[in-house]
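Report on one structure; see the data block that follows.
The values are calculated or read from the model by the stated rules, or taken from the named source; none is laboratory data. Keep in mind that what you see is a predicted model, and the values were worked out from it rather than measured. In this analysis, Cβ positions are derived from the backbone assuming ideal geometry, glycine residues included, and neighbour counts consider all displayed protein chains.
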Amino acid sequence: MQGRVPEDLAVVVDAGGAVLVWSAGARRLLGYEPAEVVGRPALTLLAADLPVSARRHLADGQRWSTEVALLHRNGDRIVVHLQGIPLADAGDRPLWLVTGAPPATVAGRDQPGAAALWDLTLAQLPTPVAIYDRDARLVAANDAMSRIMGLSATEMRGLTLSEIEPGFPFDEYDRLQRQVLRTGRTIFHEQHAQAPGETREHSWSMYFSPLKDESGTVQGLSAVVFDTTEQYWARRHLAVLNDAGLRVGTTLDVTRTVEELAEVAVSGFADFVTVDLLESVALGDEPEPLTPGEPVAVRRAAQRSVLAGCPEAAFAPGEAFRYPMDTPPMRTLLAGHGTRHRPGDPGMQDWLRASQAHAESVARHLIHSVLMVPLRARGVTLGLVHFLRHRTPESFTEDDQRLAEEIVARAAVSVDNARRYTRERRTALALQRSLLPGRPGGLAATEVAYRYLPTGAGADVGGDWFDVIPLSGARVALVVGDVVGHGIRASATMGRLRTAVRTLADVDLAPDELLTQLDDLVIRLDREEGPEVPGRAEAASAGDIGATCLYAVYDPVTRRCTMARAGHPPPALVTPGGDVRFLDLPAGPPLGLGGLPFESAEVELAEGSLLALYTDGLVETADHDIEVGLGLLRRALADPAAPLEEICDHVLRTVLTDRPADDIVLLLARTSALDTAKVRTWRLPQHPAAVARARKMACEQLADWGLTDAAFATELIVSELVTNAVRYGDGPIALRLIRDASLICEVSDGSSTAPHLRRARVYDEGGRGLLLVAQISERWGSRQTPTGKTIWAEQPLPA
């Protein structure tokens, strides 16, 4: 701020720069008592370096008069006009008497010929004016010009501008003046710089005009200087607003958005900027309401400085801390509008005393002006932005506050949009991931690895899914699907379809029959949602819900895999030798069209073969079409012997060149074959005597496997299942025992009629067989086969 110099201001500084005398006027100006200052280096009282002209005069031991920025005891910055007078020598260097500068006088008016030239330049203007002769040497200058130059007219008389101040920009001014003298035309020039007698930069508009006599001959020139700093800052503010509109909110990322806000503010009008978000906002939750009388937990989200590395920072990005009660930050948050402060304000001093890190930063970097603006959007407070100045001499003004509030308000909307998007996307991802299977357990049929990648940050999550479903008889079902669309609705539809696939898989439907049932479900879902769903037009037609799916069932006993697809990309098969081909399965229509059949295909797989199931987001990207993607996938799968996790990573690195624009699922399954020693099959006649024979053969096989502890339960299960097949089924009848992760007993016959549990009455002679099987086994069920049905029961292996 601009200070008024007391008339009794007097300070004596010795040759070494230490204060010797401190007057009462000096105490009133800066607030220091003599005991606090005497003996102290005078430089510690400066808030900025002395102007160039004063430093030159000090070095030469000459009297000086200039504007000086001083540091008040409470931390405020005060700008006053002082003069330094050399006193008696102290060795080789003089003492200095520093007092207030007396008003300057216009010099040169009593010189011969000077008055006539002076009259031509309107000497009474309250703006800096100087007169130069035909050789561009100064003839006269008013006091305003002397003040900004830091030299009296007498000291400058007879010198050119390049001699008065060598170097830029005065050499350029000198060149412009000579051009005016040569051409006789006025030149307008603008410059933003610090004048030699000033402590801060100003924006100057300069007119160099020729002075002509009655005959039109150029006799000299006048230089008139206008201070257009306010207009300069107005233009800067407009540029900052425009810059904020272009640079803030380019992404839907909260952290990046507040970083953009800090970058714009530092490049525009502040020296150091911090953005603190409420802890709840930083964690992605809804903003918690502010409660007066309670501290607020915040987290440093972004900070930028004109100095490399942000040395002013008291906290690191990501660090959590609290705003104490009844401090300027807390009061600003509760007020809901911007506030300006100086370090010497009572409230700021209390806050600085409460935080040693802040106090040290303010003292070390001479921070003299602070502007706080709450980050608010849609009536909700999200955080607080601090703007600080230490390199810029001017304190924040009311115009600066309006500018800061404007750019923060714009940024707050972007931050709130990013916060809402992040929360919704996180919810969708959580929903989608919760609907996807966990890490598959140990399967005898296959070794499985997968990758699921959600879309990039610019889009909603999609409806891609996969599943690995253990089936009866040590078989396994592999499923990959893709729901049309993105967002919560697609994820919810995906969850319904995945649940339906698991339910239908438990019924042991063939792949083509399962897809037919799934197709009916999608049609039914689409009809149920209909045009009444918010956001859908009244005239919306069926078909808005759609999906693709690939369903495969692999049997490790026969090493045969049965597959069917509904509009889905074909799977890739990699032989143990490394040959890669895409299986030519009947395409089938996408789910939801209805009325069209699905077909299954069966392929025999060598042990150690690799199946790759995927969604179209993997092979069809913005960088290449699907044919190119399939070629890249073929190349990435050429090494089937590598660990599956490594193959997954290699496929993604090879096929994807950028963040995916659609969800991606990649499911790899390396097939196994059950050792023939673990599978035993017997053909049985359709005769009651076959039951005893079956029990005997099963017990003998369990003894060979060392599973005699399971003989009683197995004998009972075999007896009941074979009895049912003989009594109610058709030939041929087969009994199969499988020793895998569990002990599996299967009885097949030629009848397609599936049995079911029923409660037998007291005097019924039958109806209890399946109930006993269900009680003894861990789980049981039936499945249809091309020739009839199979009833199966699983038991845990004895310890």
Seminar exercise, completed: Those residues of region 501-512 which are in a helix (DSSP H, G or I) and surrounded by 17 or more Cβ atoms within 10 Å (Cβ to Cβ) amount to Val501, Leu504, Ala505, Pro511, Asp512
Exercise. Looking at Val773, is it hydrophobic (A, V, I, L, M, F, W, C), outside any helix (DSSP H, G or I), modelled with pLDDT under 90 and farther than 22 Å from Arg559 by Cα?
Worked result: no
For this session: Mind checking which helices (runs of 4 or more DSSP H) fall wholly inside region 636-733 and carry at least 3 residues that are over 56 Å from the mean Cα position of the chain (by Cα) and polar (S, T, N, Q)?
Result: 711-728
Exercise. Residues in region 194-238 that are closer than 19 Å to Asp133 by Cβ and either in contact with a Phe, Trp or Tyr (Cβ under 9 Å, 6 or more places away or on another chain) or surrounded by 15 or more Cβ atoms within 10 Å (Cβ to Cβ) (or both): how many?
Worked result: 14
Problem set entry | Any pair with Cβ under 9 angstrom, 6 or more apart, that starts in region 331-349 at a residue that is in the same structural domain as Gln401 (by TED's automatic domain parsing) and among the β-branched types (Val, Ile, Thr) and ends at one that is at pLDDT 90 or above and assigned to a helix (DSSP H, G or I) | Thr339/Pro328; Thr339/Arg331; Thr339/Thr332; Thr339/Gln401
Problem set entry | Residues (free of Cβ contacts under 8 Å to residues at least 40 places away in the same chain, surrounded by fewer than 16 Cβ atoms within 10 Å (Cβ to Cβ) and under 25 Å from Ile647 (Cβ atoms)) located in region 592-622 | Ala622
For this session: Determine whether Ala477 is at pLDDT 85 or above, in a strand (DSSP E or B) and touching a Leu at 6+ places or on another chain (Cβ under 8 Å).
Result: yes
Exercise. Could you say whether any residue in region 331-353 is modelled with pLDDT of 85 or more, part of a helix (DSSP H, G or I) and within 26 Å of the chain's Cα centre (by Cα)?
Worked result: yes
For this session: Find the residue count for region 370-399, including only residues that are outside any loop (DSSP other than H, G, I, E, B) and either farther than 30 Å from Asp49 by Cα or touching a His at 6+ places or on another chain (Cβ under 8 Å) (or both).
Result: 15
Exercise. Which number in (1) closer than 20 Å to Val448 by Cα; (2) without any contact (Cβ under 8 Å) to a residue 12 or more places away in the chain marks the one condition that Thr676 misses?
Worked result: (1)
Exercise. If you go through region 299-320, how many residues are touching a residue at least 24 places away in the same chain (Cβ under 8 Å), buried (at least 17 other Cβ atoms within 10 Å of the Cβ) and closer than 13 Å to Leu278 by Cβ?
Worked result: 2
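Table: residues versus (1) of a type in the set (A, V, I, L, M, F, W, C); (2) at pLDDT below 85.
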| position | (1), (2) |
| --- | --- |
| Leu596 | yes, yes |
| Glu604 | no, no |
| Ser609 | no, no |
| Ala636 | yes, no |
| Val655 | yes, no |
Problem set entry | Condition broken by Ser361, with the remaining ones in (1) out of contact with any strand residue (DSSP E or B) (no Cβ under 8 Å at 6 or more places or on another chain); (2) surrounded by 17 or more Cβ atoms within 10 Å (Cβ to Cβ); (3) over 23 Å from Phe269 (Cβ atoms) satisfied | (3)
Exercise. Based on what the data block shows, is Thr255 surrounded by 15 or more Cβ atoms within 10 Å (Cβ to Cβ), of a type in the set (Val, Ile, Thr) and either in the same structural domain as Arg376 (by TED's automatic domain parsing) or in contact with a helix residue (DSSP H, G or I) (Cβ under 6 Å, 6 or more places away or on another chain) (or both)?
Worked result: yes
Exercise. Out of region 145-169, which residues are touching a Ser or Thr at 6+ places or on another chain (Cβ under 6 Å) and part of a helix (DSSP H, G or I)?
Worked result: Ser146, Ala153
Exercise. Are any residues in region 651-664 farther than 14 Å from Tyr614 by Cβ and free of Cβ contacts under 8 Å to residues at least 24 places away in the same chain, and if so, which ones?
Worked result: Arg653
Exercise. So, of the residues in region 578-591 that are among the small types (Gly, Ala, Ser) and in contact (Cβ under 8 Å) with a residue 40 or more places away in the chain, which turns out to be surrounded by the most Cβ atoms within 10 Å (Cβ to Cβ)?
Worked result: Gly588
For this session: Being surrounded by fewer than 24 Cβ atoms within 10 Å (Cβ to Cβ) and of a type outside the set (Gly, Ala, Ser) is the filter here, so list the residues in region 140-161 that pass it.
Result: Asp143, Arg147, Ile148, Thr154, Glu155, Arg157, Leu159, Thr160
Exercise. Restricted to region 666-695, and to residues that are of a type in the set (Val, Ile, Thr) and surrounded by 17 or more Cβ atoms within 10 Å (Cβ to Cβ), which residue is nearest to Leu721 (Cα to Cα)?
Worked result: Val691
Problem set entry | Identity of the residue in region 142-170, closer than 17 Å to His192 by Cβ and not hydrophobic (A, V, I, L, M, F, W, C), that ends up farthest from the chain's Cα centre (by Cα) | Glu165
